[in-house]
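Visitor: To start, I am sharing the structure in question, which I have written as structure tokens.
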Amino acid sequence: MSFLADYGLFAAKWFTVIATVLLAVGALLALLAAQRRHGQTVPLEVKKLNDKYLAMAMTLRASVLPPRALKRALKEEKHARRAREERDEDAPRPRVFVCNFKGDMRASAVSDLREVITAILTVGRTEDEVVAVIESPGGTIHGYGLAASQLARVRERGIPLTVAVDKVAASGGYMMACVADRIIAAPFAILGSIGVIAQIPNFNRLLRKHDIDFEQLTAGRYKRTLSLFGENTPEGRAKFQEEIEEAHGLFKEFVHEHRPVVDVEAIATGEHWFGRRALELKLVDALQTSDDYLALRAADADVFEVSCARRKPLLERLLGPSMRHLEDLRTGL
């Protein structure tokens, strides 16, 4: 038994040493990789959705058509493609650039969005169109303010901007959506929630109960209005409420500026609505899914989906679904 105990202790020590070395090596490799990436251009991934739709159609035809009919369909498609190419040489088809934004509380996807928008603006023309497919329940004010500003760059260049909402564009998500020239939404997509919320717990009474002192030093009367551990005062609460009201006022002004057709006072209550009701309130312009809209546009335009080809860290790949579920349970702007 003594031998087994010594052996187990020896193995545990070596396991600890090896694990420490592996962690150190992994951290070093990650640092070196980050240094190599520093200053490099973010790789873009561009997919032509017309080719995707055509491949899907031909795959289905190959399954349902008899051999002779399939051969005839392939020949007709070949002639049609050749005719389109000859026609495009004289009059190039309009282009539709599609970007996707899936938001979290911090609007962390804005780092990719800004790169994609910049890339599109380098080649975009006024006869083209940008379609932003947004899915977000909202989050931090500064994060979604920056995301909305990225979409505003498209309109400032005179390029038509359409926002499509299939599931949710609420609060900060709607702040982004309202920038568009046109908003389409699925019938049961969630939109609105034009309001501001802030909430923090306070442990001051618990600390006092256990005779634990908490010291907080500030310079500036309102440097800290509400505190996690200190005793909150009526003055601090009033100031914090004033700041929230100011943010709400700016939010309403932003919506009114970019979408003047809506009655801001009627919809800026913090409520959200499904697509059908949102259409009545003029929060959206039409009920339509992004899939339907893009498939229809592919009939008369070249549709390109543009995204950043980033490889997610291992931890994010493993915990991604769980983290997204937790984010959905939180609230923000």
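Just so it is clear, none of the values below were taken in a lab; they were calculated from the coordinates. Everything numeric here is computed off the predicted structure, so don't read it as measured data. Note: ideal-geometry Cβ built from the backbone for every residue, glycine included; neighbour counts use all protein chains shown.
Visitor: May I ask you to derive the FRET efficiency for L70 and V46 from their Cβ-Cβ distance with R0 = 30 Å, giving the value to the nearest 0.05?
Guide: Working: r = 30 Å, r/R0 = 1.00.
For R0 = 30 Å, the calculated efficiency reads 0.50.
Visitor: Of K52/K75; K52/K78; K48/K78; K239/K282, which pairs sit farther than 23 Å apart, going by alpha carbon to alpha carbon?
Guide: Flagged as over cut-off: K239/K282.
Visitor: If packing is taken as the average count of other Cβ atoms within 10 Å, what order do 147-155, 286-294 fall into, highest mean first? Write out the running numbers ahead of the final one.
Guide: Values: 147-155: 20.3, 286-294: 16.9.
Highest-to-lowest ranking by the protection proxy: 147-155, 286-294.
Visitor: Here is a further query. Express the relative contact order of the stretch 140-221 as a whole percentage, based on alpha carbon pairs under 8 Å and six or more residues apart in sequence. Walk me through the numbers on the way to the answer.
Guide: On the way: 82 pairs, mean separation 21.4, N = 82.
Value for the stretch 140-221: 26 percent.
Visitor: Label-point separation (nm) for E242 and T59, each offset 7 Å from Cα along Cα-to-Cβ?
Guide: Here the answer is 6.1 nm between the modelled labels.
Visitor: So, R0 is 45 Å and r is the distance between the beta-carbons of N204 and L287; what FRET efficiency does that work out to, to 0.05?
Guide: Values: r = 50 Å, r/R0 = 1.10.
According to the calculation, E is roughly 0.35.
Visitor: Give the calculated FRET efficiency between R224 and V264 to the nearest 0.05, with a Förster radius of 35 Å applied to their Cβ-Cβ distance.
Guide: Numbers: r = 32 Å, r/R0 = 0.92.
Computed FRET efficiency for R224 and V264 comes out at 0.65.
Visitor: So for each of 112-124, 228-240 I average, over its residues, the number of other beta carbons within 10 Å; can you give me the resulting order with the highest mean first?
Guide: On the way: 112-124: 17.9, 228-240: 13.5.
Descending mean neighbour count gives 112-124, 228-240.
Visitor: Students often check this: by mean Cβ neighbours within 10 Å, which of 167-179, 67-79, 241-253 ranks highest, and how do the rest follow? The partial results should precede the final answer.
Guide: Details: 167-179: 27.3, 67-79: 11.4, 241-253: 14.1.
Listed from highest to lowest mean packing, they are 167-179, 241-253, 67-79.
Visitor: What is the extension gain from L22 to H142, computed as 0.36 nm multiplied by their sequence separation minus the C-alpha to C-alpha distance, in nm to one decimal?
Guide: Working it through step by step, the gained length comes to 39.4 nm.
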